[in-house]
Amino acid sequence: MGIDDFFEDDYLDFDSDDDFEESLQSESFISKINNFKDSITPKHIFTFTGVLASIFIIYFISYRFNSNETEVTSYNIDNNTSTTVKVSEPDTINTTTSTSTTVSKSVSPTIQQNPTTSLTALQSTVMVALPDCGYMGSGTIISKLGFIMTNEHVVSDDGTNCNDYIIILVSESGDSDPTPKYLAKIVKENAKLDIAILEITQTYDGSSLPRSFNNMCIGDSETISLGDELLIWGYPDVRLESFDSLGRIDLSKGFVSGFDSELNLSKKAWISLSSNISSGNSGGGAYNNKNELVGVPTAVLEGNFSSRGLLRPINLILTYFDNFYFENCS
């Protein structure tokens, strides 16, 4: 085969110059891709990933603030609580006069700062019964862990260890009798303050304990002034005749009429109320206008159990007891 025949062979037979140029361009494009791939460093990958993440975050924030739900915050002047109301996108109803009326689909109020409400106070105010001792009183659940604060004289022993068996009764509503629900034990007490802390240990019927308990949070009794109105929760008419007739929960109110000192204790050892406190109210709760627990009603032995309405300030109690037992409203 001659050299001319070789160049005329089909192996090197390009139909046109265009085919040859396309082949060169294809090889050049592949080379560029390979060169670009080789030039990518971890720094480039990190930068690209960061850009994608930023775009995603910006999109998420934009979507969140442009959603159909709008938060509206209102303030209740009566109890100084802040309420957040979520209002879904309103429906528009067209009338024959081409006007429109806006109607909210749903309104679901939630309290922002202080989770305590009247319902919580009802469920958190308990009756403390010592059937072996023969006496009863009131108490308040002060922690989701199941700690209860009451008066020390409500759970004091008569020398027979009768306070080893403590029953906690709870009211489901204001018009129903309290029912035995838990058993508790004393974990801390101070006879001088007349305050004791109980811990719920088991259910009365032997079922499983809840993971958390409805509780009231602790406020600041130093903010209380003369003339302030306080709400008192408790069981003023408790009587241990039988579990069929115990006395129902009661809500009353009184005005702060003064502050009393106590020797070797505090210059502000007592908050005096304009209303009386019965023996059954002992160990219950006194609340300010924010539903914060600021005092413990205590029946004092002066003439009779209802002679004076006195409260132990919560701030004084906190100086003698570990904060572990309490939950602050803040």
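Tell me, which residue of the stretch 152-182 that is of a type in the set (Gly, Ala, Ser) and out of contact with any strand residue (DSSP E or B) (no Cβ under 9 Å at 6 or more places or on another chain) is farthest from residue 135 (Cα to Cα)?
So the first thing to find is which residues in the stretch 152-182 are of a type in the set (Gly, Ala, Ser), and the list is 156, 159, 171, 173-174, 176.
Those left that are additionally out of contact with any strand residue (DSSP E or B) (no Cβ under 9 Å at 6 or more places or on another chain): 159, 173, 176.
Details: 159: 14, 173: 23, 176: 21 Å.
Only one residue fits best here, namely 173.
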Subject >> Selection count where residues are buried (at least 22 other Cβ atoms within 10 Å of the Cβ) and on the phi > 0 side of the Ramachandran plot, scope the stretch 257-290 >> reply: 1
**OP:** Could you check, for the stretch 242-256, whether at least one of its residues is closer than 27 Å to residue 288 by Cβ, touching a residue at least 60 places away in the same chain (Cβ under 8 Å) and among the hydroxyl-bearing types (Ser, Thr, Tyr)?
**Re:** no
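Considering the stretch 216-232 alone, what residues qualify as being buried (at least 20 other Cβ atoms within 10 Å of the Cβ) and either closer than 18 Å to residue 275 by Cα or touching an Asp or Glu at 6+ places or on another chain (Cβ under 7 Å) (or both)?
Step one: filter the stretch 216-232 for residues buried (at least 20 other Cβ atoms within 10 Å of the Cβ), giving 216-219, 221, 224, 230, 232.
Across the stretch 216-232, the qualifying residues are 217, 218, 219, 224, 230, 232.
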Subject >> Extreme residue, surrounded by the most Cβ atoms within 10 Å (Cβ to Cβ), among residues of the stretch 173-186 that are among the charged types (D, E, K, R) and more than 30 Å from residue 330 (Cβ to Cβ) >> reply: 177
Original post:
What residue, among those in the stretch 147-171 that are farther than 23 Å from residue 265 by Cα and in contact with a helix residue (DSSP H, G or I) (Cβ under 8 Å, 6 or more places away or on another chain), is surrounded by the fewest Cβ atoms within 10 Å (Cβ to Cβ)?
Top reply: 157
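No lab work stands behind these numbers, since they all come straight from the coordinates. If you're wondering where the values come from, they're calculated on a predicted model, not measured in any experiment. As a convention, Cβ positions derive from the backbone with ideal geometry for all residues, glycine included, and neighbour counts pool all protein chains shown.
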